[in-house]
Each structure stands twice: as structure tokens, then as C-alpha cells.
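Quick note: the coordinates plus some simple rules give every number you see, no bench work behind them. Keep in mind that what you see is a predicted model, and the values were worked out from it rather than measured. Counting neighbours? That spans all protein chains shown, and the Cβs are built from the backbone with ideal geometry, glycine included.
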Amino acid sequence: MIDILSLYREELESLILELGLERYRASQLFSFIHKHRVERFDDISVIKKEIRASLKELFYIPSIVCKKKTRSNDMTTKYLFQLADLANIETVLIPMKDNRYTICVSTQVGCRMGCKFCATGKMGFKRNLTVSEILLQVYYILKEQKLKNVNVVYMGMGEPLDNYDNVVKSIKILIDEDGCNISKRRITLSTCGIVDKIEKLKKDLPYINMALSLHCAIDEKRSYLMPINKKHKLEDVMKSLSTFPMPRRKRITFEYVMIKGINDTKEDRKALLRLLSTYKSKLNIIPLNKHDLMDADLEPTEKRNIEEFAEFLRSKGMFVTIRDSKGSSIDAACGMLATKNS
Ligand code: SAH
Ligand code: SF4
């Protein structure tokens, strides 16, 4: 049986032709599956019963089970989804300005990158998500909340570029005009910095928004916080990102989790200035979110000091924002996603 949700329109088309059906059936089916998000072939009443029967022999439409939903006082909602093998993942729906929403999707169960401050990293790596497991997080929420226009950020559990093929395919399906038709400008991929995969992405999927988990501009300290930095040196990551084709009027986002006494010193400010001065960039400072799995030596920088750090960089001409940790009361903010039974 073939998982119909994970097929490109062209792949579906060749299977439909093999079944002896007309070519237009493929576009029709693709649109029912990805745009109207039907969950059963029998819900597609415009397709004759006999044809539905032959489709059911070859394909199945996968689904996802929501085991728990938690809403914080800032209206951020965290979904705990159970997958077919009983692994659990979390997805976060974040309300934005102007009645818009952002869906933060997971790409792996756990993560192998082991960043020191991250709850998902502390879980270790369990497995990659399939294309449909990534798509279903978005589809479930769109359907349940009756949403139309959303941003999708690949910033949940896992390192998207460590599950490259499935992540790229899921994005290409999300932006398909006959499917969800989400603009590339509304998709953001956040990575810890894997150079060969960034290079590949430039060719496979240019003009999506890119975010780098920078967290330190000093090589040695970055390696302490993020082991991946030993393999992919910051200089190489920055060089590769500098030529990433971005959507019009958008900047590369550099995420910076502020950790007391570690990356919030005067030396760090200077290093950041030096590193980012030649980039059309946005520095997004994230106050460190504490979680149960956090090493005892990591503490968040005080709010006052975060503001001073940001103000200094702004005074030197940098574009700096401070992220409010939406969803922290329900462990749904950045770096707090970690599931049991997975
Ligand atoms: N693996 C990707 C995307 C998922 S992590 C990446 O690392 O970019 C999403 C964001 O949350 C990253 O910027 C990550 O560094 C940040 N983050 C991780 N742990 C955090 C914590 N405890 N507090 C605040 N942000 C954290
Ligand atoms: Fe993985 Fe990102 Fe967490 Fe690092 S910050 S462990 S790359 S999910």
C-alpha cells in the first residue's frame, strides 16, 4: 500500500496512469488530499465508487492522532501527536499579529545534535519523521482551527536538515498551488548549520526564509554549546548562508539564545558585530527557556541585561528583535519540546 499523502503530484500522476485512469484524476485527487484534506476516499463523492475501490487497493490516506492539547494564557496551543508506531511529537500553534497564525512543526522524534540548552537535544535521536507525518501536523491544525493563511516554521523538535529529503519534499508539497498553496515567503527553516545541506537547499528550494541557530559568534564557545560547530565551522556556515537566495525584502534570521555569563558578555557583543556586519541580517534574541532536562550550569540572562545587549547592537546599526517566549507556561516555547514514550 502506498502512502498517498507523501507523493508529489507527478508521482501520483504516473501511478494513476498505471492504474489505467485518466491523467486529470491525479490533479483532482491531489487537490482533494492536500487542499480539502479529505481523510477517506469515500469522502470524494465526485469520483465514482468503482474508481474509489481501485484507489483503495493501491493507496491509503495516513492520519495522525492528537492525544493532548494544551493552551497557555497567551493562546499558544501545544499539540501532542501520536504516530503510527506510538512515537510522540509536539507541534505548536502560535497566534501572531493581524489574526495570523504560525505553526511550528517537528521534523524528527528527538534530535542527534545534542545542543546543551535544548530539551529535544537531551532526548537523543529516535527517528526521522516521514513526509506525511510532517504534513499531517499542519493539516490537522488547519482543519481543526479552520485556518487558511498560516506561516509554517520548521523549528519544532529535530534538525530539519538532518532529515533533508523528507523536509524538502514536505515543503514542496505545502507550496504546491493545487495543494495547500502556502507561499514560500511564509515558510521558514531553522537549522543549527550543516553546510553541505545548506548548499543543496540553495538548488532544491531557494527563496524560503532561512534561520540559523547561531547562539554564539565565538567558535570555541559555540562548540561548547552546540557540538555540530566542531564539524561545521561557523565561518563555513556563514559563507554558505551569505549566498542563500532569500525572498524579496527578507533577511536571514540569526537566533541567539541568551545564557547568563556564557554568551552575553561584552566580548560576545563585539564578536557578533564583527560576524554580522556584512550581512543583511536580523538577530533574534531568545531568552533561555528553562526546562527539566536543562544542565544546572545554564541560567537565563536577566531581562535588563538582554535589553542592554540588544540596545548596544542596535546603536551600531544592527536589526535586533527580542522574541517573547510564547507558550513557556505550557513548555511549548523554543527548546522546550520533548516527549516521553518515544
Ligand atoms: N534544530 C533546529 C530547529 C529546532 S530548535 C535549530 O536548532 O535551529 C528551534 C529553536 O529553539 C532554535 O533556535 C534553538 O536553538 C532554540 N532553543 C533550543 N533550546 C532552547 C531553550 N532552552 N531556550 C530557548 N530557545 C531554545
Ligand atoms: Fe537539535 Fe535544534 Fe535542539 Fe540543537 S537546538 S538539539 S539542533 S533541535
Near LYS48, which lysines are there with a Cα under 21 Å away, not counting those fewer than 8 places off in the same chain? LYS35, LYS56
Using only Cα atoms, locate the centre of the range 160-193 and the centre of the range 73-101, then give the distance between them in Å, rounded to an integer. 17
Cα centroid distance between the range 259-308 and the range 38-70, in Å? 47
Would you be so kind as to identify all helices of the chain, as entire DSSP H runs, whose Cα atoms reach 20 Å or more along the helix's own axis and whose mean Kyte-Doolittle hydropathy is at least -1.0? 131-145
Built amide H within the under 5 Å cut-off of LYS260, gap 5+: GLU299, THR301
Inverse mean reciprocal Cα-Cα distance (Kirkwood Rh) of the range 81-137, Å: 12.6
Among the listed pairs LYS239/LYS270; LYS233/LYS282; LYS68/LYS202; LYS69/LYS200; LYS221/LYS316; LYS233/LYS266, give every one whose C-alpha distance is greater than 26 Å. LYS68/LYS202; LYS69/LYS200
Binned Cα-Cα distances of the range 41-168, short to long, each 5 Å bin given as a whole percent: 2, 10, 18, 19, 17, 14, 10, 5, 3, 1, 0, 0
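Within the chain, what's the longest run with no GluC sites (Glu not before Pro) in a DSSP loop and at most 15 other beta-carbon atoms within 10 Å? Give the range, please.
40-176
How large is the convex hull of the Cα atoms of the chain per residue, expressed in Å³ as a whole number?
Considering the Cα atoms of the chain, their hull volume per residue is 138 Å³.
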Qualifying chymotrypsin sites (Phe, Trp or Tyr not before Pro) for the range 249-298 [loop in DSSP, other Cβ within 10 Å: at most 16]: TYR279
If the elastic network links every pair of Cα atoms under 10 Å, which of CYS111, CYS66, CYS216 fluctuates the most in the Gaussian network model of the chain? CYS66
Antiparallel as a % of all DSSP beta bridges within the chain, to the nearest 5? 45
For the range 2-60, what are the per-bin percents of Cα-Cα distances with bins 10 Å wide, up to the bin holding the maximum? 23, 68, 9
Using Cα centres only, tell me the gap between the range 102-124 and the range 223-258 in whole Å. 17
Per-residue [θ]222 nm for the chain (sum of -39500 (n - 2.57) over DSSP H runs n ≥ 4, rounded to 500): -10000 deg cm²/dmol
